[in-house]
1. Based on what the data block shows, is residue 140 over 30 Å from residue 52 (Cβ atoms) and either in contact with a strand residue (DSSP E or B) (Cβ under 7 Å, 6 or more places away or on another chain) or not assigned by TED's automatic domain parsing to the domain that holds residue 273 (or both)?
2. Going by the structure shown, is residue 178 part of a helix (DSSP H, G or I) and more than 16 Å from the ligand (Cβ to nearest atom)?
3. Take the range 203-216 and flag every residue that is surrounded by fewer than 14 Cβ atoms within 10 Å (Cβ to Cβ) and either in contact with a Cys (Cβ under 9 Å, 6 or more places away or on another chain) or under 21 Å from residue 122 (Cα atoms) (or both).
4. Considering only helices (runs of 4 or more DSSP H) fully contained in the range 184-292, which possess at least 1 residues that are touching a Lys or Arg at 6+ places or on another chain (Cβ under 6 Å), at pLDDT 95 or above and away from the ligand (no atom under 12 Å from the Cβ)?
5. Which of the numbered conditions does residue 200 fail, given that it passes all the others? Conditions: (1) in contact with a helix residue (DSSP H, G or I) (Cβ under 7 Å, 6 or more places away or on another chain); (2) within 24 Å of residue 126 (Cβ to Cβ); (3) aliphatic (A, V, I, L, M).
6. Got a number for residues in the range 210-268 being among the hydroxyl-bearing types (Ser, Thr, Tyr) and within 22 Å of residue 287 (Cβ to Cβ)?
7. Tell me, which strands (runs of 3 or more DSSP E) wholly within the range 93-173 include 1 or more residues that are more than 16 Å from the ligand (Cβ to nearest atom), free of Cβ contacts under 8 Å to residues at least 40 places away in the same chain and not β-branched (Val, Ile, Thr)?
8. Being outside the structural domain of residue 232 (by TED's automatic domain parsing), modelled with pLDDT of 70 or more, among the polar types (S, T, N, Q) and farther than 27 Å from residue 243 by Cα is true for just one of 24, 7. Which residue is that?
Amino acid sequence: ATFGTLSDRLTETFRNLRTKGKLSPADVDGTVREIRRALLDADVALQVVKDFTAKVRERALGDEVNKALNPAQQVVQIVNEELVAILGGEQRRLQFAKNPPTVIMLAGLQGSGKTTFAGKLARQLEKDGHTPLLVAADLQRPNAVNQLQVVAERAGAAIYAPEPGNGVGDPVQVSRAGVEYARQKQHDIVIIDTAGRLGVDAELMKQASDIRKATNPDEVLFVIDAMIGQDAVNTAKAFQDGVDFTGVVLSKLDGDARGGAALSVASVTGRPIIFASTGENLEDLEPFHPDRMASRILDLGDILTLIEQAQQAFDEEEARKVAEKFATDQFTLEDFLAQMQQLKKMGSMKKMLGMLPGMGQMKQQLDDFDEREIDRTEAIIRSMTPAERRNTKLLNGSRRARIARGSGMTVTDVNQLVNRFEQAAKMMKTVARGGTPNIPGMGAV
Ligand code: GDP
């Protein structure tokens, strides 16, 4: 029930869809059933799963037919869009105070990764030119202050901690004094590490809530272990009701993390996930990208990218015309050039072709492909007469030499281009007639 398994599940579902020409309600129901099962296996909360699958079903059956995509691509797109929406849509960045210091308070269960995250965040903020101060307000565990000191040292960050041996201090007092200290010493950011318990309890919440009131933080970040599973919903709700938070940090995403926590927490609390903590090292911190997480869940990132690009770069009508030309032998060097330029628009051609399933046999050719070749190709084709572009049979030896001179290429270059074009036209003709997808038209995933 890891992300990987969920991905495999959905991939399998989509594979079944790929062979269908049109989506029937039965197809949609089958897909939705698979998605529901996969999400539940990944420990996504039941209510979240229900909402999610209902939306996907409704949209898939709805009349929003996207002409640029085939049915399978369309379902992929719907599932992806809904996942991204649940995960918060846009990437959300940390918010800084207009008047420093910015106060960032951390809350979460013990062992969730708060202290580790505090160090990672301090390190990253320092790299960005900030001067963060860590405040040790976890006075519950005897070792907590010491642990934060170690983390601060590793991160090279300043720390404000109560003097050892002064008995158990008051975390609210320490937090307040920490912010004051930062103001005096010109630290522009304060990161307050608060106490956690193994389970949610009223006293913990009261303390966190008091610290919040006393320090008026710009961000309250709820740190949650991505492996927490079904408990994610209850824990997140308890912290939302008890302290409320402005954002979420998903920790231990490097491990055998269940995808459920990300979806559940974001969905149930409506709060954005801001960071992904992905390891025990100080460097293992990433901004959380809803779209990337959705792609990771679907394991179809490349195909999603391709869908996006295909929609941008092609209109259906043109794709159909090109396919028609292929099939009827009317594909010319001019079309070839136009196609290459379209592909160039779609980003790296190599990458784009590599993303298409079933292009494995073209791997070697892809590896040999050089994008600058499009420019060279263009130069050669531009040096031909319109008649030659339409009919390569006109290209005799002297014409080829002339074209080579005109384009600054060698005769060998010209010969290679012509040969390659003729081969490609032949290949695409076969493909177009066989009904298998042609590359630019994206007939099927
Ligand atoms: P706190 O009690 O909330 O302050 O949690 P800690 O920061 O002490 O983390 C608890 C344990 O989880 C420690 O052993 C950390 O090394 C480990 N840990 C924290 N963050 C991560 C993470 O992103 N990935 C992994 N693999 N381990 C983590």
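The values are calculated or read from the model by the stated rules, or taken from the named source; none is laboratory data. What you see is a predicted model; the values in this text were computed from it and never measured. Quick reminder, even Gly has a Cβ in these numbers, built from the backbone with ideal geometry, and neighbours come from all protein chains shown.
1. Values: over 30 Å from residue 52 (Cβ atoms): yes; either in contact with a strand residue (DSSP E or B) (Cβ under 7 Å, 6 or more places away or on another chain) or not assigned by TED's automatic domain parsing to the domain that holds residue 273 (or both): no.
The answer is no for residue 140.
2. yes
3. 216
4. It comes to 202-215.
5. (2)
6. Initial filter on the range 210-268 (among the hydroxyl-bearing types (Ser, Thr, Tyr)): 215, 235, 246, 251, 264, 267.
With the extra rule that they be within 22 Å of residue 287 (Cβ to Cβ), the set shrinks to 246, 251, 264, 267.
Counting residues in the range 210-268 that are among the hydroxyl-bearing types (Ser, Thr, Tyr) and within 22 Å of residue 287 (Cβ to Cβ) gives 4.
7. Details: elements: 102-107, 132-137, 158-160.
By residue number, 158-160.
8. 24
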